[in-house]
Amino acid sequence: MRIEQKLADMGLELGTPTTPVANYIETVKTGNLLFVAGHIPFLADGSVLHTGKLGRNITEEQGYEAAKTAMVNCLVSIKGALGDLDKVKQVVKLFVMVNAEPDFGRQFIVANGASDLLVELYGDQGRHARSAVGMGSLPLGSCVEIEMVVEVED
């Protein structure tokens, strides 16, 4: 429970797993890889943190915060699948989708909200490959959505 203690020390709380709103499951494990479906920055009350578009009505700082919140939600799903966040051996890959105006080109700054949290929690095991891309829209008007792949212990 080392990772959960780090989260608590940061003032971040893992919520309870949510039920997907469409026809998918939150995680799929194959071999030693856990694929985590796209997560948006849902808050405990069911609302979405920072709806809108980067480059229009959402700042880079708000996007960064939303990416961090979406990552916490990914961690909730990982804990639900594995029972313990310490079973993550390596964060392999993030795919960060940013709801942005066509001329917004700083998706990488927004994505750092998720990446910085993972490195702070896992150290070198949290360093990962990543794509950060702009999208014309995202579910429920969210400004960010994140999916990921992690290597897990047997």
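Every read-out reported here was derived from the displayed coordinates using simple, explicitly stated rules and does not represent laboratory data. Bear in mind the structure is a predicted one, so any value in this text is a computation, not a measurement. Cβ sites come from the backbone with ideal geometry, for glycine too, and all protein chains shown count toward neighbours.
If you count Lys pairs in the chain whose Cα atoms are under 28 Å apart, skipping same-chain pairs closer than 8 places in sequence, the total is 20. For the chain, the share of DSSP beta bridges that are antiparallel, to the nearest 5, is 70%. Report summary: the helix-based calculation at 222 nm, which adds -39500 (n - 2.57) for every DSSP H run with n ≥ 4 and divides by the residues of the chain, gives -10000 deg cm²/dmol.
Each of Thr19 and Val149 was given a label point 7 Å from its Cα along the Cα-to-Cβ line. The distance between the two points is 3.1 nm.
Sorted fewest first by neighbouring Cβ atoms within 10 angstrom, Val88, Val133 come out as Val133, Val88.
Could you work out Rg/(2.2 N^0.38 Å) for the chain, with Rg from alpha carbons only? Walk me through the intermediate numbers first.
Details: Rg = 14.5 Å, N = 154, 2.2 N^0.38 = 14.9 Å.
So the Cα radius of gyration is 0.97 times the expected 2.2 N^0.38 Å.
Once you put a point 7 Å from the Cα of Lys29 and another 7 Å from the Cα of Asp45, both along the Cβ direction, what distance in nm separates them? Roughly 3.6 nm, to one decimal. When each of Phe108, Phe35 is scored by the number of other beta-carbon atoms lying within 10 Å, the sequence from fewest to most is Phe108, Phe35.
Rounded to the nearest 10 degrees, what's the angle between the helix 60-82 long axis and the longest principal axis of the chain, both from Cα atoms, 0 to 90? Helix 60-82 sits at roughly 30 degrees to that axis.
The distance linking the stretch 33-97 with the stretch 114-154 is 7 Å (Cα centroid to Cα centroid, whole angstrom).
Highest average first, the peptides 6-12, 59-65 ordered by how many other beta carbon atoms sit within 10 Å of their residues are 59-65, 6-12.
Ranked by Cβ crowding within 10 angstrom, fewest neighbours first, how are Cys143, Cys74 ordered? Before the final figure, lay out each step's value.
Numbers: Cys143 30, Cys74 25.
Fewest-to-most Cβ neighbours within 10 Å comes out as Cys74, Cys143.
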